[in-house]
There are 2 protein chains.
Amino acid sequence: MAERSTDPGVTIESLGEFGLIDRLARIVGRPGVDPLRPDATGAIGIGDDAAIWTPTPGVSEVLTTDALVEDVHFRLSTTSWRDLGWKALAENVSDIAAMGAEPRRAFVTLGLPPRTRICDLEDLYRGMNDLLEELSWTRWSGPLIEGGDTVSAPVVMISITVVGELRGEGLRRSAGKAGDLLAVTGSLGGSAGGLALLESGHAPLGDPDVADLIRYHRKPMPRVGDGVTLAQAGVRCGMDLSDGLLGDAGKLAYASGLTAVVEAHRVPMPPSLMRRFDANTARTMALRGGEDYELLIAAPPDCFTKLYPLLDEVGIVLPTVVGRLERGTPGQVTVLDEWGQPMDVGGGSWDHFGGQQERP
Amino acid sequence: MAERSTDPGVTIESLGEFGLIDRLARIVGRPGVDPLRPDATGAIGIGDDAAIWTPTPGVSEVLTTDALVEDVHFRLSTTSWRDLGWKALAENVSDIAAMGAEPRRAFVTLGLPPRTRICDLEDLYRGMNDLLEELSWTRWSGPLIEGGDTVSAPVVMISITVVGELRGEGLRRSAGKAGDLLAVTGSLGGSAGGLALLESGHAPLGDPDVADLIRYHRKPMPRVGDGVTLAQAGVRCGMDLSDGLLGDAGKLAYASGLTAVVEAHRVPMPPSLMRRFDANTARTMALRGGEDYELLIAAPPDCFTKLYPLLDEVGIVLPTVVGRLERGTPGQVTVLDEWGQPMDVGGGSWDHFGGQQERP
């Protein structure tokens with residue numbers, strides 16, 4: 001955006017709520033449309049009591065809402081406002097992708113200390129816009145930011161709601177069947193690797209592998225095209241990977257009333273992760289690290305043979321098989337090594353309040 | 001609800017995220033439906049990546065999102081968790097009513113300190129359920145609570161998204177025309193009166209007037225039926241009164257490109273407010289006090305004659321005319337006394353960050 005930044009001395013306190021809404025709306029507004037007034041399609045922008053839209057005939061509506069809190073989910077000492085904007089929106093877009101749906105509209109609720117600088121908030125919105133521009137290069141566009149709420153708070157909190165459109169049945173966690181193969185898009189562990197490098201405090205940022213891993217952590221790319229295409233190709237079971245493969249595979253298996261088997265050596269990792277960390281650390285990051293925002297699907301083996309040509313046609317890589325669903329204790333996850341022997345890599349997923357826990 | 005409360009010693013930290021979601025879901029779940037699994041209508045409850053629904057043919061979708069933060073919007077020393085649940089949901093339902101739409105589904109995102117007691121959260125959800133039960137006595141039901149997100153935070157924050165369905169055009173702030181009469185549902189100032197009594201610290205709670213005013217403050221009733229009926233009867237311009245009549249009339253006038261004239265002596269007040277406070281204080285509370293969650297509409301004079309029989313049929317009281325919209329400085333609000341002379345009652349609406357401000 002060619003938009004100029006506001007002077008760093010200007011805070012929300014000095015600008016007031018309406019001036020703030022006005023400036024932020026301009027960053028993400030559609031060109032030629034006043035974001036504070038209804039546009040030609042009848043949508044009401046930031047400014048009325050509620051947003052309004054006419055659903056596309058024949059689609060289902062899909063909605064997700066997710067919150068990030070300063071010093072819980074991010075630290076402003078290590079995260080730029082611009083990266084924060086990207087990531088906060090990407091997480092929510094990923095939840096829509098996880099349903100096999102296309103994101104259409106986003107609503108951003110901000111809790112902000114009164115002394116927050118306007119130029120930082122502009123960067124937050126620029127980060128969201130960066131993601132939208134990146135998504136606009138694919139055939140599946142991102143959501144329009146249509147409104148929200150801004151309130152005073154002791155720390156920065158960002159709560160985003162994204163609404164999407166789903167054609168057909170979409171992907172659900174509970175749709176797995178015994179005998180389904182588990183597969184993931186992209187590669188895993190990059191975000192955990194990037195976070196570890198950032199936290200070490202002495203990562204050589206000029207190193208391309210380091211830059212690559214930090215990018216995985218800061219600017220994850222939600223798998224909108226993969227989700228839509230997989231669902232249209234007949235995949236019924238899926239979710240996104242936000243809390244680590246083992247934890248999330250446990251959730252999917254639990255929702256489907258089945259047990260999951262993950263073959264550790266099949267889990268794809270970014271080459272940069274394998275070069276930067278020893279084999280054990282890299283594998284643990286790929287199995288347990290969170291925030292990759294790849295998709296985890298479950299589908300019958302014969303579905304994969306049909307998937308390849310359909311995905312290839314739209315330039316999407318076939319997900320990598322990493323395990324299977326079986327009858328057994330719901331939600332249990334067994335990890336096998338390359339000789340088919342059970343491995344102990346620590347269990348379960350991350351719990352937001354109590355730390356580690358066994359499973360849902 | 002006959003549901004038993006959880007022992008006060010149990011915190012989110014000790015119960016974990018999944019146990020928490022499970023308990024809260026039971027309080028607001030539909031009887032016989034497991035809130036963690038898809039129900040017969042295809043809706044996905046609390047537990048999948050996103051909620052999903054099939055829009056009713058011919059309706060528009062309406063969405064609002066609003067956040068409350070501890071020690072900014074409420075204090076746990078003076079507000080019970082149960083009242084907080086009512087009010088947080090009521091505010092959002094009111095925004096849907098303000099569009100002339102019917103609330104259908106709600107998503108609750110909570111930021112909570114890890115030591116938050118589960119029994120308090122159960123009370124929060126019981127408060128939301130109290131409102132839903134109260135709304136279910138009317139012909140316009142409240143939204144179903146379908147999901148959300150729960151994260152750790154240094155203070156309690158409640159961010160609610162409500163989605164509604166709108167038939168026809170609905171109410172917009174920008175649809176006012178010069179010559180329209182401004183009118184309000186119910187009475188104004190009750191919430192400000194209740195708050196003043198609570199803050200005084202020595203209100204006789206057994207006094208029925210005191211109890212009445214405190215109820216206005218703690219348990220505002222969103223005007224769902226009024227909004228839907230007014231919109232269906234042809235009213236085009238409206239909003240809800242959350243920031244006080246003068247401030248909100250300014251916003252409506254601004255969005256419509258007009259100036260507002262309010263006749264102070266026409267503003268309806270609860271009898272309890274007039275008995276408990278002197279005339280000047282009561283009038284200021286009715287003009288400037290916020291959180292009444294009544295509706296402010298603007299409509300041509302002849303529309304009101306048509307409105308009466310339509311509203312009467314469904315048991316809704318005709319809104320009280322309190323002023324008019326005129327050509328002039330957009331967003332300006334002039335207050336007149338009973339002799340038509342301009343009065344000075346202090347200007348503008350409350351700004352969440354900078355305190356008082358003149359107008360949008």
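Let's see how each residue does on (1) within 12 Å of chain B (Cβ to nearest Cβ); (2) of a type in the set (Gly, Ala, Ser); (3) buried (at least 24 other Cβ atoms within 10 Å of the Cβ):
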{"residue": "A:168", "(1), (2), (3)": "yes, yes, no"}
{"residue": "A:220", "(1), (2), (3)": "no, no, yes"}
{"residue": "A:260", "(1), (2), (3)": "no, yes, yes"}
{"residue": "A:269", "(1), (2), (3)": "no, no, no"}
Quickly run through the stretch B:302-326 and pick out the residues that are closer than 23 Å to residue B:265 by Cβ and either open to solvent by 80 Å² or more (accessible area, probe 1.4 Å) or of a type in the set (Lys, Arg) (or both).
B:305, B:308, B:317, B:324
Any hit, the stretch B:243-258, residues being more than 11 Å from every other protein chain (Cβ to nearest Cβ) and among the acidic types (Asp, Glu)
no
Can you find a residue that is among the hydrophobic types (A, V, I, L, M, F, W, C) and under 29 Å from residue A:234 (Cβ atoms) anywhere in the stretch A:103-115?
yes
Would you mind stating whether residue B:163 is within 10 Å of another protein chain (Cβ to nearest Cβ), out of contact with any Pro (no Cβ under 7 Å at 6 or more places or on another chain) and surrounded by fewer than 24 Cβ atoms within 10 Å (Cβ to Cβ)?
no
Report the residue count in the stretch B:194-249 for those that are aliphatic (A, V, I, L, M), part of a helix (DSSP H, G or I) and more than 22 Å from residue B:136 (Cα to Cα).
11
On the basis of being surrounded by 21 or more Cβ atoms within 10 Å (Cβ to Cβ) and of a type outside the set (S, T, N, Q), does residue B:206 make the cut?
no
Filter the stretch A:131-162 down to the residues that are among the β-branched types (Val, Ile, Thr) and either on the phi > 0 side of the Ramachandran plot or within 20 Å of the chain's Cα centre (by Cα) (or both) and list them by number.
A:138, A:145, A:156, A:158, A:160, A:161, A:162
Which condition from (1) modelled with pLDDT under 95; (2) touching a strand residue (DSSP E or B) at 6+ places or on another chain (Cβ under 9 Å); (3) under 27 Å from residue A:111 (Cβ atoms); (4) open to solvent by less than 40 Å² (accessible area, probe 1.4 Å) is the one that residue B:352 breaks?
(4)
Under 17 Å from the mean Cα position of the chain (by Cα), in contact (Cβ under 8 Å) with a residue 12 or more places away in the chain and more than 17 Å from residue B:187 (Cα to Cα), is that true of residue B:306?
no
Only one of these is of a type in the set (Asp, Glu), within 24 Å of residue A:342 (Cβ to Cβ) and out of contact with any Gly (no Cβ under 9 Å at 6 or more places or on another chain): A:302, A:243, A:278. Name it.
A:278
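The values are calculated or read from the model by the stated rules, or taken from the named source; none is laboratory data. If you're wondering where the values come from, they're calculated on a predicted model, not measured in any experiment. Heads up, the Cβs are rebuilt from the backbone with ideal geometry, glycines too, and the neighbour counts pull from every protein chain shown. Remember, those area values only see protein heavy atoms, side chains included, never the ligands or the DNA or RNA. Shrake-Rupley method; radii C 1.70, N 1.55, O 1.52, S 1.80 Å.
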